[in-house]
């Protein structure tokens, strides 16, 4: 499998993991930008605060939070209230200085190799298993 394919699997895994980690024991998760609550599998995304194309932050869990499809796909692109709400959420969660640092460093190049992506994917899969066990135990 190519580095690009493994990176894509990492992105899918981190987006699922963020929804699962932030879900309650019944699997209900809240969109960080509009507040809607749904099951983590029901039209919910793992939305990136700094866009995925910014490689420095694309696989950092502090950059990925649950969002409904509407906010992630449409609200963020328009630069509307979803983007503003996400910024306020991030500042509340991580602090203004950290968020400013994310923004300032988003374009810094980071070179990851196939082995790096494989290691990241293995760690994400371990964390996903923990969350699956937690959520399945509640049913």
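The values are calculated or read from the model by the stated rules, or taken from the named source; none is laboratory data. Keep in mind the model is a prediction, meaning the values are calculated, not measured. Neighbour counts are summed over all protein chains in view; Cβ atoms, including those assigned to glycine, are modelled from backbone coordinates with ideal geometry.
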*Output yes when any residue across the stretch 115-134 is exposed (fewer than 14 other Cβ atoms within 10 Å of the Cβ) and outside any helix (DSSP H, G or I), and no when none is.*
no
*Among what's in the stretch 52-70 and is under 19 Å from residue 105 (Cβ atoms) and touching a strand residue (DSSP E or B) at 6+ places or on another chain (Cβ under 7 Å), pick the residue that is surrounded by the fewest Cβ atoms within 10 Å (Cβ to Cβ).*
58
*List the number of the failed condition for residue 47; all other conditions in (1) in a helix (DSSP H, G or I); (2) in contact with a helix residue (DSSP H, G or I) (Cβ under 6 Å, 6 or more places away or on another chain) hold.*
(1)
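For the condition assigned to a strand (DSSP E or B), modelled with pLDDT of 95 or more and within 22 Å of residue 128 (Cβ to Cβ), what is the one hit in 19, 62, 38? If you could, list the steps in order and put the result at the bottom.
Numbers: 19 fails: assigned to a strand (DSSP E or B); 62 fails: assigned to a strand (DSSP E or B).
It is 38.
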*Close pairs from the stretch 16-28: first free of Cβ contacts under 8 Å to residues at least 24 places away in the same chain, partner part of a loop (DSSP other than H, G, I, E, B) and surrounded by fewer than 20 Cβ atoms within 10 Å (Cβ to Cβ), Cβ under 9 Å, at least 6 apart*: 24/138
